[in-house]
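Taking it in order: structure first as structure tokens, then the write-up.
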Amino acid sequence: METRRLGKTGHQSTVITFGTYAIGNVSQAVADETIEWALEHGINHFDVAPSYAEAELRLGDYLHRHPQPDLFISCKTEKRDRGEADEELRRTLDRLDRERFDLYQLHAVCTMAHLEACFAPGGSMEAILAAREEGVVTDVGITGHGPEAPATHLAALDRFPFSTVMISNNPVMEAIPAVNAAWQRLLERCGRDDVGIHVLKATAKAPWKDREPTFNTWYEPLTEQSEIDRAVAWALARPVTTLCTSGDLAIFPMTVSAAERYRDIPVQERDDLLAAVPDYDNIFVEASA
């Protein structure tokens with residue numbers, strides 16, 4: 001699988017990052033099988049979080065039995081208080097049986113209010129910076145999704161030289177003028193400042209609305225291989241480093257397959273891609289209200 005440099009971290013990340021939310025609600029045996037499959041396909045970047053059900057425990061159990069010293073692991077905290085963030089960070093480190101994090105991120109910073117809370121006196125950013133000074137965090141990143149995230153992450157880069165941003169983007173979001181304008185400015189800024197970009201929700205299709213979910217995702221994912229192929233090729237044609245996989249194990253191998261073959265898939269224009277997928281819609285429904 002192709003690798004791309006993850007900004008100033010210097011890590012050559014595979015163009016697919018394994019989003020370990022997918023193993024948060026499965027048995028250890030299924031988690032082991034999935035992790036091994038990902039490693040066999042060359043994926044060298046795993047992303048985990050305390051909020052991903054039992055994912056930390058599943059991944060940590062595997063790593064304790066099968067150490068992977070070259071595996072790049074990113075984690076994150078949604079806590080906004082320094083003490084709570086520090087406690088969570090150290091618990092995760094212990095669960096993963098690691099001495100340090102390759103990348104630790106402020107999680108779900110989607111609005112300016114979230115950003116202000118992280119950077120407030122006694123906020124979570126203080127905990128991450130203290131951990132970096134101690135040597136248990138190497139690089140610092142920020143994550144977020146939704147229509148306000150691009151502008152919020154631009155503002156975050158004015159406050160701190162983050163190594164990475166993790167943010168949602170897909171053809172539907174790019175079709176929203178205000179969101180796309182901020183996204184384009186963020187791309188330019190990240191390129192100038194050598195900030196690695198993780199893309200979320202590349203294979204998201206539409207909100208469930210009143211329908212019962214049939215996949216382990218809070219939105220309806222693309223499920224046809226041809227649709228996933230086109231969406232992945234479209235996303236990887238942008239100046240990004242890596243795409244984080246969705247939370248459903250049925251979609252995971254399809255996304256990996258698409259990434260392994262994306263160079264051979266014709267890249268459609270955004271509007272053509274939107275027209276080619278029935279019921280493609282904005283998963284952040286409030287943004288289009």
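The values are calculated or read from the model by the stated rules, or taken from the named source; none is laboratory data. Computed from a prediction, not measured in an experiment: that's the story for all the values here. Here the Cβ is made from the backbone with ideal geometry for all residues, glycine too, and neighbour counts use every protein chain on show.
A few points about this structure:
- The one condition from (1) without any contact (Cβ under 8 Å) to a residue 40 or more places away in the chain; (2) touching a Lys or Arg at 6+ places or on another chain (Cβ under 8 Å) that Ala49 does not meet is (1).
- Check on Ile35, surrounded by 18 or more Cβ atoms within 10 Å (Cβ to Cβ), touching a Phe, Trp or Tyr at 6+ places or on another chain (Cβ under 6 Å) and within 17 Å of Cys244 (Cβ to Cβ): yes
- Selection status of Val140, under 20 Å from Glu116 (Cβ atoms) and without any contact (Cβ under 8 Å) to a residue 60 or more places away in the chain: yes
- Tally of residues being under 17 Å from Asp61 (Cα atoms) and hydroxyl-bearing (Ser, Thr, Tyr) across segment 75-115: 1
- Any hit, segment 269-283, residues being in contact with a Cys (Cβ under 9 Å, 6 or more places away or on another chain), surrounded by 15 or more Cβ atoms within 10 Å (Cβ to Cβ) and at pLDDT 95 or above: no
- Residue check, Tyr62 free of Cβ contacts under 8 Å to residues at least 60 places away in the same chain and in contact with an Asp or Glu (Cβ under 9 Å, 6 or more places away or on another chain): yes
- Comparison of Ala149, Ala130 shows that the only residue that is among the small types (Gly, Ala, Ser) and under 21 Å from Cys244 (Cα atoms) is Ala149.
- When Asp97, Asp70 are screened for being out of contact with any helix residue (DSSP H, G or I) (no Cβ under 9 Å at 6 or more places or on another chain), at pLDDT below 95 and over 23 Å from Thr203 (Cα atoms), only Asp70 passes.
- Taking the numbered list (1) touching a Lys or Arg at 6+ places or on another chain (Cβ under 7 Å); (2) aliphatic (A, V, I, L, M); (3) in contact (Cβ under 8 Å) with a residue 40 or more places away in the chain; (4) surrounded by fewer than 21 Cβ atoms within 10 Å (Cβ to Cβ) in turn, Ile265 passes all entries but (3).
- Residues that are among the aliphatic types (A, V, I, L, M) and surrounded by fewer than 23 Cβ atoms within 10 Å (Cβ to Cβ) within segment 236-253 comprise Ala237, Val240, Leu249, Ala250, Ile251, listed in sequence order.
- Total residues in segment 55-82, condition under 28 Å from Ala258 (Cβ atoms) and either in contact with a Lys or Arg (Cβ under 7 Å, 6 or more places away or on another chain) or crowded, with 18+ Cβ neighbours inside 10 Å (or both): 12
- Every residue from segment 27-46 that is under 19 Å from Thr92 (Cβ atoms) and free of Cβ contacts under 8 Å to residues at least 60 places away in the same chain: Gln28, Ala31, Ile35, Phe46
- When Leu274 is tested against (1) farther than 15 Å from Val15 by Cα; (2) in contact with a helix residue (DSSP H, G or I) (Cβ under 8 Å, 6 or more places away or on another chain); (3) part of a strand (DSSP E or B), just one condition goes unmet, and that condition is (3).
- Restricting segment 146-155 to residues that are part of a loop (DSSP other than H, G, I, E, B) and in contact with a Cys (Cβ under 7 Å, 6 or more places away or on another chain) leaves a set whose member that is surrounded by the most Cβ atoms within 10 Å (Cβ to Cβ) is Glu148.
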